[in-house]
Amino acid sequence: MTDTPRARPLSPHLQVWRWHITMWTSILHRMTGVALYAGALILAGWAIALAAGPEVYGAYKAILGSPLGKLVMFGLTLSLFYHLANGIRHLVWDAGHGLDVKSANASAVAAFAFAAAATIAVWLIAAMTGAL
């Protein structure tokens, strides 16, 4: 027996695989899940500020109404709708449908399109009603 170690097989990694839309949907699903946890903390902070009184609530509302706050809220809205659409996509897969490449790619595009359209619709309605 020799003391030379045998070359171990390399696992496929991001440098090996060609990026495709279903990889993006998987990665973004995880990222939006993390973003929604942050959104839950923002929501909890809003409830605490509301309970703390008008001064604290006014300051919290001012932070959320700032340009950076609105950008964060826009991102959370987009995350919520994307995570919802991709979750429904996974439910369809769990039922055994849409698992072929063509259907998986089409449902990925549909999830992105729904998230963008729903986010824009919510923010347009908010702007038209004076909520912004």
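Are any of the residues in the stretch 33-47 more than 23 Å from L132 (Cβ to Cβ), part of a loop (DSSP other than H, G, I, E, B) and at pLDDT 95 or above? Scanning the stretch 33-47, I find no residue that is more than 23 Å from L132 (Cβ to Cβ), part of a loop (DSSP other than H, G, I, E, B) and at pLDDT 95 or above, so the answer is no.
Only one of the listed residues (R30, R6, R89) is at pLDDT below 95 and either over 23 Å from A131 (Cα atoms) or loosely packed, with under 11 Cβ neighbours inside 10 Å (or both). That residue is R6. Taken over the stretch 66-78, the criterion of being of a type outside the set (A, V, I, L, M, F, W, C), under 18 Å from L124 (Cβ atoms) and either surrounded by 15 or more Cβ atoms within 10 Å (Cβ to Cβ) or at pLDDT below 95 (or both) is satisfied by G75, T77.
For every residue, the table says whether it meets (1) more than 19 Å from A116 (Cα to Cα); (2) out of contact with any Leu (no Cβ under 7 Å at 6 or more places or on another chain).
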{"site": "M23", "(1), (2)": "no, yes"}
{"site": "I27", "(1), (2)": "no, yes"}
{"site": "L36", "(1), (2)": "no, no"}
{"site": "L43", "(1), (2)": "yes, yes"}
{"site": "A62", "(1), (2)": "yes, yes"}
{"site": "G65", "(1), (2)": "yes, yes"}
{"site": "F81", "(1), (2)": "no, yes"}
{"site": "I88", "(1), (2)": "no, yes"}
{"site": "L91", "(1), (2)": "yes, yes"}
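Note on the stretch 113-124: residues that are of a type in the set (A, V, I, L, M, F, W, C) and crowded, with 17+ Cβ neighbours inside 10 Å amount to 4. If you go through the stretch 15-59 and keep only what is more than 20 Å from G69 (Cα to Cα) and of a type in the set (S, T, N, Q), you end up with Q15, T22, T25, S26.
Here is the figure for the stretch 101-132: residues that are farther than 17 Å from H29 by Cα and either assigned to a helix (DSSP H, G or I) or modelled with pLDDT under 95 (or both) total 16.
For G53, the stated conditions do not hold, so it cannot be described as modelled with pLDDT of 95 or more and at negative phi.
Would you tally the residues in the stretch 51-61 being over 17 Å from L41 (Cα atoms) and either part of a helix (DSSP H, G or I) or among the charged types (D, E, K, R) (or both)? The number of residues fulfilling the criteria is 3.
The values are calculated or read from the model by the stated rules, or taken from the named source; none is laboratory data. The shown structure was predicted, so the numbers you read here are calculated from the model rather than taken from an experiment. Neighbour counts run over all protein chains shown; Cβ positions are idealised from the backbone, glycine included.
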